[in-house]
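To start, the structure under review is shown below, and the notes come after it.
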Amino acid sequence: MRELRETILRQGQCVGDSIVKVDMFLNHRLDTRLMFAMGRELADYFGKDKPDIVLTVEASGIALALAAAHFLDDIPVVFAKKSPAANQSADMLTAVAHSFTHGNDNALRVDRRYLPAGSRVLVVDDFLADGEASRALISIVEQAGCTLVGVGIAVEKGFQPGGRKLREAGVNLKSLAIVTSIQDGRIQLADDD
């Protein structure tokens, strides 16, 4: 997606040779125009698969999931919570995901009622590195007896194994921008497909 690629090159920052900071427009401060353009792009790509629900992880995946769901005829968004709470159902679907960015494990939780069996689910997230969050969400989709229609990602770090592993597993993966490397403090991106 040209607009996202240009924004990454203009505003993205590198931390060492493995961390891409896009918090100025994607996951701390949100560029709403860009967010809705990305949501439309994901909806255009996955619309033919007729998802019923968009599933994401709190917190930084919610904005993109909401934008995509809006352009998919305002379907519901469900987000997996990372922390237990006293008001959560006893019937929670769970899967563990290791966070590359934060360096910790998160037990992702979704109330089974929010993913009715037989639903067609689109997983959406802001970032894909090792693929742990996506695989955990896919596990939750499977536990719920739902059908995964695909995974939509804003920024994929193509030099890490997450995208490759998902594609090899047969997952319909759409990444709007793919970072191929960080060289001399500069972000390198794959060409648009």
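Below is a table of values for the structure above.
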quantity	calculated
Prolate/oblate/rounded label for the stretch 126-193 (Cα gyration tensor, a/c 1.5)	prolate
Local net charge near Lys50, Cβ-Cβ under 15 Å (Lys/Arg +1, Asp/Glu -1)	-3
Approximate spin-label separation Asp49-Arg33, in nm, with each point projected 7 Å along Cα-to-Cβ	3.0 nm
With Cα atoms, 0 to 90° folded angle of helix 132-143 axis to the chain main axis	20 degrees
Rounded if a/c under 1.5, otherwise prolate or oblate - the stretch 2-158, Cα gyration tensor axes	oblate
Average Cα contact separation per residue, the stretch 106-152, under 8 Å, 6 or more apart, as relative contact order %	52 percent
Derived scalar couplings ³J(HN,Hα) [the stretch 47-56; Karplus, 6.51 cos²θ - 1.76 cosθ + 1.60; whole Hz; x for Gly, Pro]	x, 5, 7, 6, x, 9, 9, 9, 10, 9
Three-way shape call for the stretch 86-166 based on the alpha-carbon gyration tensor, with the a/c threshold at 1.5	oblate
Length released on extending from His98 to Asn172, taking residue separation times 0.36 nm less the Cα-Cα span	24.4 nm
Listed peptides 25-34, 141-150, 179-188, 128-137 by packing density, highest first (mean Cβ within 10 Å)	128-137, 141-150, 25-34, 179-188
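Here, each number is a calculation from the coordinates, and none is a lab measurement. This structure is a prediction, so every number in the text was calculated from the model and none was measured. No Cβ is skipped: glycine too gets one built from the backbone with ideal geometry, and neighbour counts run over all protein chains shown.
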